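Enquirer: Before I ask anything, here is the structure I am working with.
The values are calculated or read from the model by the stated rules, or taken from the named source; none is laboratory data. Quantities reported herein were computed from a predicted structural model and do not represent experimental measurements. Reconstructed Cβ throughout: ideal geometry from the backbone, glycine too, with neighbour counts over all protein chains shown.
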Amino acid sequence: MKFCKILMIGVALLAAVSCSTPKDIVYFQDMKPGETELAVTAPVEIKVRAKDKLSIIVSTQDEKLSELFNLSSSNQQTSQTGVKLGYTVDTEGYINFPVLGKLKLAGMTREQIAEYITNELKTRELVKDPVVIVDFMNLSVSVLGEVSSPGRYDIDRDNYTVLNAISAAGDLSINGRRGNVKVLRAVNGKQTVYEMNLCDASTIYSSPAYYLQQDDVIYVEPNANKARQSTVNGNTLLTPAFWMSAVSFLMSIVVLVVK
């Protein structure tokens, strides 16, 4: 009888550890429909950096003239191998543009680059009324940790937010810690870390990291429930190895008590 009581207590303790309920699951808990108004941090436009790849298309009324300023005659700028052609910014911030030569673009936004090239074409009297379209080609962010699909995701629009990236990664898993999502960003050669609480909308929309930059890293920590599911040897509560260890531990206690 004594053995059975000890065994039941041990099993109950293990069950309590394995079945604890994570807290703080619901997003935006501080927001009430029709009542809450939160200020959103001002958008920070993405600026060109070294190693960024750009698509730059110049259009004019003369198709043959346009071809002089484009890597390809196709508006898709696609090579015969199916790979999109573009301009890669070198370590000093320059690209080598047809006819115009070397242009320093580092630190400019898409709109600024388009205006700069347009002015260069007009000033040099190469084209009267060019239309210049600039797009980023290789910008992305990484989403790591407790999300459905960790990975690297393209920035496919202006004003790309941390919520866009989390959505692309399939949202947090049930074991993701919503109260402390980290955004890691390299600023002037130094790593900066921002934290936001997805349960508190005010910390999300006011964060300097709400609008993402190229190469940002979003990390979602495991919550306490997930952390408890790992043993020193890396086993989880669902593996046979863990339960064998647990039974062995309980049997050791029983033997000591019986003695």
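Enquirer: With the condition kept exactly as written, say whether any residue in the stretch 179-195 is in contact with a helix residue (DSSP H, G or I) (Cβ under 9 Å, 6 or more places away or on another chain), outside the structural domain of Met108 (by TED's automatic domain parsing), under 21 Å from Ser148 (Cβ atoms) and assigned to a loop (DSSP other than H, G, I, E, B).
Expert: For the stretch 179-195, residues in contact with a helix residue (DSSP H, G or I) (Cβ under 9 Å, 6 or more places away or on another chain), outside the structural domain of Met108 (by TED's automatic domain parsing), under 21 Å from Ser148 (Cβ atoms) and assigned to a loop (DSSP other than H, G, I, E, B): absent.
Enquirer: Under 9 Å between Cβ atoms, at least 6 apart or on separate chains: pull out the pairs that start in the stretch 191-205 with a residue that is in contact (Cβ under 8 Å) with a residue 60 or more places away in the chain and end on any residue that is of a type in the set (Gly, Ala, Ser) and in a loop (DSSP other than H, G, I, E, B).
Expert: Cβ pairs passing all conditions: Ser202/Ala39; Tyr205/Ala39.
Enquirer: Out of all the residues in the stretch 46-63, which are surrounded by 14 or more Cβ atoms within 10 Å (Cβ to Cβ) and either within 34 Å of the chain's Cα centre (by Cα) or without any contact (Cβ under 8 Å) to a residue 12 or more places away in the chain (or both)? Give the steps one after another, and end with the answer.
Expert: Taking the stretch 46-63 as the starting set, the residues that turn out to be surrounded by 14 or more Cβ atoms within 10 Å (Cβ to Cβ) are 46-49, 52-60.
The answer is Ile46, Lys47, Val48, Arg49, Asp52, Lys53, Leu54, Ser55, Ile56, Ile57, Val58, Ser59.
Enquirer: Look through Ser66, Ser72 and report the one residue that is surrounded by fewer than 17 Cβ atoms within 10 Å (Cβ to Cβ), modelled with pLDDT under 95 and over 21 Å from Ala209 (Cβ atoms).
Expert: When all the criteria are applied, what remains is Ser72.
Enquirer: Of the numbered conditions (1) under 14 Å from Ile56 (Cα atoms); (2) outside the structural domain of Val89 (by TED's automatic domain parsing), Gln112 satisfies every one except a single condition; which is it?
Expert: It fails just one condition, (2).
Enquirer: I would also like to ask the following. Which of (1) more than 22 Å from Gln112 (Cβ to Cβ); (2) free of Cβ contacts under 8 Å to residues at least 24 places away in the same chain does Lys182 not meet, given it meets every other one?
Expert: (2)
Enquirer: Select from the stretch 14-58 the residues that are hydroxyl-bearing (Ser, Thr, Tyr), modelled with pLDDT of 80 or more and farther than 30 Å from Val99 by Cα and list them in ascending order.
Expert: Tyr27, Thr41 - these are the residues of the stretch 14-58 that are hydroxyl-bearing (Ser, Thr, Tyr), modelled with pLDDT of 80 or more and farther than 30 Å from Val99 by Cα.
Enquirer: Name the residues in the stretch 101-119 that are over 21 Å from Arg49 (Cβ atoms) and surrounded by 16 or more Cβ atoms within 10 Å (Cβ to Cβ), would you?
Expert: Of everything in the stretch 101-119, just one residue is over 21 Å from Arg49 (Cβ atoms) and surrounded by 16 or more Cβ atoms within 10 Å (Cβ to Cβ), namely Thr118.
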